[in-house]
Amino acid sequence: MKLLIVSCLLVAALADTQSGSSTTSAPKPSDKPQSFQHQSSLKDSTNQHLDAKKDSSEGASNEEYRQLNAEEVKQLLLKVVDENIDKDRNALIVADELKEWLRVLQEKVIQDNVNRQWVYYHPQTEEVLSWEGYYPEQKQVVSWERYLNYTYPDEALKEGEPTTPEMKEIKDMIRRAERRWKNADMDGDGSLSKEEFRDFIHPEESQRAGGVAVTEAMEDMDQDKNNEVSLEEYMTHLKKVSGEEKEDPNWAAAQQGHFTNFLDKNKDGSLNEAEMREWVVPTYDRSEAEAWRLISIADQDQDSMLSRKDIEDYHEYFLTLLPPEYWVQEDPTESSRHDEF
């Protein structure tokens, strides 16, 4: 059973797949600033191994995902625009309105992921003495041992050298997980609170914990181990983690332009640790950058705003504005499903 879990971890470590529909067009490349595309073995793969564990022990999930055609996508996008984005109801979307909605979606995706995994690991209650009084407080935590036992096969937890390439890769994943765990463990007690657990799963979302994500990215991309990522290494990695979009004839040129124009700050042809950190854990507002990127793509009259027609005409670029629930087989038009927005 645990081998099934880790098999999913290994697959997810090698590729970054995005939810979507085969009936919609893949987004076209852009040389505008874009978010970090590296995906580590401990980030997106956590969903995979949890699903595998649940499926193997309780049967397949009842939740099914549907494919949306272009007209359905347009209809749902305009619904989101009307109900969630266009706050002043003037039928025009400005960068601030897009930015706020992107922040809501990003936080929801992260928090849902943290909540689901937190429950999966069955946190235990501990008593902690506070500085304010004599009575101990209670908090829920997950121990390192519990995380290991719930995630990896028994064979991988035994001491000694791995006997197969697969087991060697699993051992390496455990090593990286332990480094992340210690990085997230702010009080150094060996267990993670829910706040610390969030930094463990999503270090790229935290300036405090983000250093470990930079280290992982360097390990994965710096093939010659010279502490820099060359353009060739960058492109090799992107080809490995990208999906169908890399088949677009303009994709490679766009990615090279992104490397040269935005990532390589000192123009020396490679990315040092500081440049990698600004990519992986940027100090700029990622939601704002994405909002302006979307406007630059679809703003047909160049007024720095998006009309409903702009969004309809370029709907394939705006799939990220749809809440994850909209891809579930159930009818997403039920307003009760989105009260939190």
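What to note about this one:
- Single condition GLN302 does not satisfy, out of (1) open to solvent by 70 Å² or more (accessible area, probe 1.4 Å); (2) under 18 Å from the mean Cα position of the chain (by Cα); (3) not β-branched (Val, Ile, Thr): (2)
- Every residue from segment 145-196 that is surrounded by 17 or more Cβ atoms within 10 Å (Cβ to Cβ), in contact (Cβ under 8 Å) with a residue 40 or more places away in the chain and touching a strand residue (DSSP E or B) at 6+ places or on another chain (Cβ under 7 Å): SER191, LEU192, SER193
- If you go through segment 88-120 and keep only what is touching a residue at least 40 places away in the same chain (Cβ under 8 Å), surrounded by fewer than 18 Cβ atoms within 10 Å (Cβ to Cβ) and not in a helix (DSSP H, G or I), you end up with ALA91, LEU92.
- Residue in segment 235-260 that is surrounded by the most Cβ atoms within 10 Å (Cβ to Cβ), counting only those that are more than 19 Å from LEU271 (Cα to Cα) and more than 20 Å from the chain's Cα centre (by Cα): TRP251
- Candidate set from segment 197-234 (those that are within 22 Å of GLN256 (Cα to Cα) and among the hydrophobic types (A, V, I, L, M, F, W, C)); member that is surrounded by the fewest Cβ atoms within 10 Å (Cβ to Cβ): LEU231
- For SER206, the conditions (1) under 16 Å from PRO282 (Cβ atoms); (2) without any contact (Cβ under 8 Å) to a residue 12 or more places away in the chain are fulfilled apart from (2).
- In the condition set (1) at pLDDT 95 or above; (2) over 24 Å from GLN111 (Cα atoms), ARG180 is compliant with all but (2).
- For segment 80-125, the set of residues classified as more than 28 Å from ILE295 (Cα to Cα) and in contact with a His (Cβ under 8 Å, 6 or more places away or on another chain) consists of ASN113, VAL114, listed by residue number.
The values are calculated or read from the model by the stated rules, or taken from the named source; none is laboratory data. As the structure is a computational prediction, the values presented were derived from the model and not from experiment. Cβ coordinates were reconstructed from backbone atoms using ideal geometry, including for glycine residues, and neighbour counts include every protein chain displayed. Areas reflect the complete protein model, heavy atoms only, side chains present, ligands, DNA and RNA absent. Shrake-Rupley method; radii C 1.70, N 1.55, O 1.52, S 1.80 Å.
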